[in-house]
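Reading through the structure tokens given below for one structure.
The values are calculated or read from the model by the stated rules, or taken from the named source; none is laboratory data. Nothing here was measured: the structure is a model prediction, and the numbers come from that model. Positions of Cβ are generated from backbone atoms using ideal geometry, with glycine treated the same way; all protein chains shown enter the neighbour counts.
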Amino acid sequence: MLCHLADSFRVTLGQKSVSPATGIVQRTIVKWVALNLPAPWPKGLPTRPEVEQGAGGTPPGDFQRDRADLIALIERFSEPGCASSRSPHPVFGGMKEREWLRWGYLHTDHHLRQFGA
């Protein structure tokens, strides 16, 4: 989970490439539902193969190092004004600063809940 989250933040920061899976419905309705409905994301949602563990995602190494890498990426992602330099989301497309920060929180929360954190 640490490596998947780190890979996802690397994608947004332009440090890792990922194939797009977007269309008008994903960029509008799906994005609005995912970012605005006050409900946890469902389990089992598909992800892009480049950030999927066991496919093209970064394999886990040392837990403490993977954790430190993720924290550093979240800090970089959260810097004010960082949205203007982010790569488009592979499903939601381009997003405003508020949307990016909401996505970062929801995506991280989604995976931390899987481990009871």
TODO: Mind listing whichever residues of the stretch 44-60 are more than 15 Å from the chain's Cα centre (by Cα) and in contact (Cβ under 8 Å) with a residue 40 or more places away in the chain?
DONE: PRO59, PRO60
Open item on the list: Tell me whether the stretch 16-29 contains one or more residues that are assigned to a helix (DSSP H, G or I), modelled with pLDDT of 90 or more and of a type in the set (A, V, I, L, M).
Closed with: yes
TODO: Sort out which residues of the stretch 61-96 are within 22 Å of ARG48 (Cα to Cα) and either of a type in the set (A, V, I, L, M) or loosely packed, with under 12 Cβ neighbours inside 10 Å (or both), and write them in order of number.
DONE: GLY61, LEU70, ILE71, LEU73, ILE74, ALA83, SER85, VAL91, MET95, LYS96
Task: Condition check for PHE77: hydrophobic (A, V, I, L, M, F, W, C), out of contact with any strand residue (DSSP E or B) (no Cβ under 9 Å at 6 or more places or on another chain) and closer than 15 Å to ALA6 by Cα - done: yes
Open item on the list: I'm trying to understand the selection: among the residues of the stretch 2-15, which are of a type in the set (A, V, I, L, M) and either in a helix (DSSP H, G or I) or on the phi > 0 side of the Ramachandran plot (or both)?
Closed with: LEU2, LEU5, ALA6, VAL11
Task: Contacts under 9 angstrom Cβ, first residue in the stretch 20-40 being more than 15 Å from TYR105 (Cα to Cα), partner loosely packed, with under 10 Cβ neighbours inside 10 Å, 6 or more apart - done: ALA21/PRO46
